[in-house]
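Undergrad: I'd like to ask you about the structure that follows.
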């Protein structure tokens, strides 16, 4: 049985995290992944990066991406016990935005103090990711004991 989560529950979990893995396809049809730090705004994820990075080239060539957000799980007072991460996975559409065309608030959230450096921003851009379809989760909204049973730990929620 798949756990039926609400979109709001999943967005709350996404907003608490800051690291994701983006899957994309190169122009040669080769699969690639990259770890990124993100912020959320308006039900979208934003990543700050350099204009000349390979992830920008691949996304510009094919905007269809997958995103997986790992959520570290720990047993309080026993951090040495290894527990698999919970995950949120979804498909999305990404687009590359020039830093100059982005709000100062979003630039500050992504680049912090570097947002005040015009030279740094001139070499930077943002990747905006809009989730589509459904969120597929594992271990979100369940206890650590329930994570042991895949039938109880799996979840889905519509992207809204």
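Bear in mind that the values in this text are calculations on the coordinates, not laboratory data. Just so we're clear, the structure is a prediction, and the values are computed from it rather than from any experiment.
Undergrad: Let me check against my output: what whole-number percent is the relative contact order of the range 3-158, with C-alpha pairs under 8 Å and at least 6 apart? Before the final figure, lay out each step's value.
TA: Numbers: 296 pairs, mean separation 41.9, N = 156.
Result for the range 3-158 is 27 percent.
Undergrad: Compute the Kirkwood hydrodynamic radius of the range 1-137, taking the inverse of the mean of 1/r over all pairs of distinct Cα atoms, and give it in Å to one decimal. Write down the numbers at each step before the final one.
TA: Working: mean 1/r = 0.0619 Å⁻¹.
About 16.2 Å for the range 1-137.
Undergrad: As I understand it, the value is the acute angle between the Cα axis of helix 7-16 and the longest principal axis of the Cα atoms of the chain; what does it come to in degrees, rounded to 10?
TA: 70 degrees
Undergrad: On to the next question. Could you give the spread of the C-alpha atoms of the range 86-148 along their three principal axes, from largest to smallest, in whole angstroms?
TA: Between the extreme Cα coordinates on each principal axis of the range 86-148 lie 50, 25, 16 Å.
Undergrad: For the chain, modelled as a GNM with alpha-carbon contacts under 10 angstrom, which of 76, 98, 63 fluctuates the most?
TA: Result: 76 has the largest fluctuation of those listed.
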